[in-house]
Amino acid sequence: MLVVILGFTACDKDGDTIYLSGLTESKLTATQSKVVLSIEQSKDIVLSLAWTRDALITSDPNVAAPNITKQVMQIAPSADFSTNVHELNEASLSRAFTGAELNAVAKNIGLNPNEETPVYFRIAGTAGNNMDPVYSNVEVVNITSYFIDMSIGTVLNADGDETGKLLYSSESNGVYTGFMGVTSWYNYYLREGDGLIWGNDGVDGTPFLMSSDDSKFNYWFPGMTGCYFVEVNTPKKVWSALYIPSLQVTGSIEGEMTFDRQNDKWMYTFEAQSTGSITVNISGIGKQYDYATGTDDDAAISTPVAFYQSGNEIVYGQAGGSISVNVPQTGEVMLVLDLSDSRNIIAKVTAAEVLPEPIPTIIYLSGIDDLLHGWTFDNQLRLYHEDNQTYAGVAYSASEWGYSIYKEAYDWNNKFTYVSGDAAAGTMELNGEGGNIPAPAQGLYLFDVSLKALTYQTTQLEDVIYYSGLNDNWDSFSALEATDVTGVFAGSITITKASAWGFKLYLFNGDWNTSFGGSEGVLYYKGNDGITDDQKLTPGTYTLTVDLVKGTYAITQ
């Protein structure tokens, strides 16, 4: 700062010395003078403020000073800004508050819910550290806030939408815990009751460190699908995931329980010889992942997992104990440990029920290239959206009789067959009478299949695919040409710096929707995360090779 000012004051204009003497005041304007907040408006813009930039004053009005000022918005419950001042660093000349954001500010400065209270806004501008700020005029907005429940943390998906999963803070102290049934590498955000959203700290290689800054990206779980006990600690800005691969039940009955991931329940089916109370113990060994271990399976810490009864409550902990449950009927029954509400863990015996069928991560196209290789299970589509049970992948069509879709390799008796449509798109059913699905003309195609909607769609590929985002350049698409190997594309890439978010592959020029992300050499269709291998490579020229049929990629010198 001193160098800039000394250099500026030494400048001459027609032989005159120009001096800096201070900052001008910003002019602050608010769009509303009264705001009544509600949960229904949490995502709506409810208040906007704009201001002029404060600037250094020069002795010559014809010469502008350099823009080196720092501006901070200050918000307080009193006109003298003496207590509970909330500050926001500002990089632009305006700010728009959603209902959730403004309600969070109201809570932070101590407003009582459901009471109309004046709130004071001003801009503090400084030209350097240890310098007294220059303040704008004060804008007053009467705000009526609503109650914020800080005992609940809402799990959001990577797009910021609610998933229906919740974590809980019994002390409302910012430490949220609970059980989550998730797929491998599942990613999410956590929103507190005050609207503040937490995620990863935005630094590659630190999967369990947290931040609420705009630079954050989503948390991600380790690579195993199943049950996790999760703790999100906002005061310490760390979270952890304890993977529970299995639970054993001992005591009056003995066996290994099965996890129903979609409903967050552990189950064990047994034959009851009589009704009445039985005593069981439920325990296992988990693998603890946290900021010290990262997602490294070998580094994960073996941790006891157990449940015990305290009065009428079932409690989770490392040291277990006996649990008494009532058997209501004889015959085939099921012990259920329900973890769907972590505040109220339930252990009970019910009538036996059919467990939901697991959703496969891979399905198979058999017959799609029978003219070349016969009816094999080499062509695979990978799951990319679990709720819709949608799968995608690339295969070369060279088929005489059409093809069928299988959930399990070599299970010839269960397949999805044709109902309506043509080779480009249509509907199907499981073990129907319509025969094979018609195959498109010979060529390379993207196959997109939904086992939930029972639909299929094919799109023919060109002799070139594209990538974007390398070196943080998202302004254009760069081409990878087809090689002599079917489905394999390659080209030279130049890495000048590590990309912040990785790069992605695109099947068509200018089409951002048909994209592949990936990690560790495996491609993921419409994956949220880009390919970040460049972050581990030194700047230079490499060859990027992509095998769309096998769903793999490699970066080599």
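The values are calculated or read from the model by the stated rules, or taken from the named source; none is laboratory data. The model shown is predicted, which means the values in this text are computed figures rather than measured ones. Because the Cβ atoms are built from the backbone with ideal geometry, glycine has one as well, and the counts that use them run over all protein chains shown.
Things worth noting here:
- The criterion of at least 3 residues that are touching a strand residue (DSSP E or B) at 6+ places or on another chain (Cβ under 6 Å) and hydroxyl-bearing (Ser, Thr, Tyr) is met by the following strands (runs of 3 or more DSSP E) wholly inside segment 219-295: 276-289.
- Residue ID - surrounded by the fewest Cβ atoms within 10 Å (Cβ to Cβ), chosen from residues in segment 117-138 that are of a type in the set (A, V, I, L, M, F, W, C) and in contact (Cβ under 8 Å) with a residue 40 or more places away in the chain: Val138
- Every residue from segment 100-139 that is at pLDDT 90 or above and among the small types (Gly, Ala, Ser): Ala106, Gly110, Ala124, Ser136
- Taken across segment 301-317, residues that are over 21 Å from Gly178 (Cα atoms) and either surrounded by 12 or more Cβ atoms within 10 Å (Cβ to Cβ) or in contact (Cβ under 8 Å) with a residue 24 or more places away in the chain (or both) do not occur at all.
- Segment 66-119: number of residues that are of a type outside the set (S, T, N, Q), part of a loop (DSSP other than H, G, I, E, B) and out of contact with any His (no Cβ under 7 Å at 6 or more places or on another chain): 13
- Segment 451-476 - residue that is of a type in the set (Gly, Ala, Ser) and surrounded by 13 or more Cβ atoms within 10 Å (Cβ to Cβ) and, of those, nearest to the chain's Cα centre (by Cα): Gly469
- Segment 477-547 holds strands (runs of 3 or more DSSP E) entirely within its bounds, and those carrying 1 or more residues that are within 23 Å of the chain's Cα centre (by Cα) map to 504-506, 515-519, 522-525.
- Candidates Val46, Val35, filtered to the one that is closer than 30 Å to Glu162 by Cβ, in contact with a Gly (Cβ under 8 Å, 6 or more places away or on another chain) and modelled with pLDDT of 90 or more: Val46
- So Thr541, is it exposed (fewer than 15 other Cβ atoms within 10 Å of the Cβ) and touching a residue at least 40 places away in the same chain (Cβ under 8 Å): yes
- Residues that are of a type in the set (A, V, I, L, M, F, W, C) and more than 20 Å from Ser212 (Cα to Cα) were ranked within segment 139-176; the one that is surrounded by the most Cβ atoms within 10 Å (Cβ to Cβ) is Ile143.
- Tallying residues that are touching a Pro at 6+ places or on another chain (Cβ under 6 Å) and of a type outside the set (A, V, I, L, M, F, W, C) within segment 423-454 yields 0.
- Any chance Val305 is modelled with pLDDT of 95 or more, part of a strand (DSSP E or B) and over 18 Å from the mean Cα position of the chain (by Cα): yes
- Some residue of segment 199-210 being within 27 Å of Leu337 (Cα to Cα) and touching a residue at least 40 places away in the same chain (Cβ under 8 Å): no
- Criterion applied to Ser340, Ser310 was being among the hydroxyl-bearing types (Ser, Thr, Tyr), within 25 Å of Val230 (Cα to Cα) and within 34 Å of the chain's Cα centre (by Cα), and the one residue passing it is Ser340.
- For Asp484, the criteria (1) surrounded by 14 or more Cβ atoms within 10 Å (Cβ to Cβ); (2) without any contact (Cβ under 8 Å) to a residue 24 or more places away in the chain; (3) among the acidic types (Asp, Glu) hold in every case but one, which is (1).
- Some residue of segment 439-450 being assigned to a strand (DSSP E or B), hydroxyl-bearing (Ser, Thr, Tyr) and within 23 Å of Phe508 (Cα to Cα): yes
- Lone unmet requirement of (1) within 14 Å of the chain's Cα centre (by Cα); (2) at pLDDT 90 or above; (3) among the small types (Gly, Ala, Ser) for Gly181: (1)
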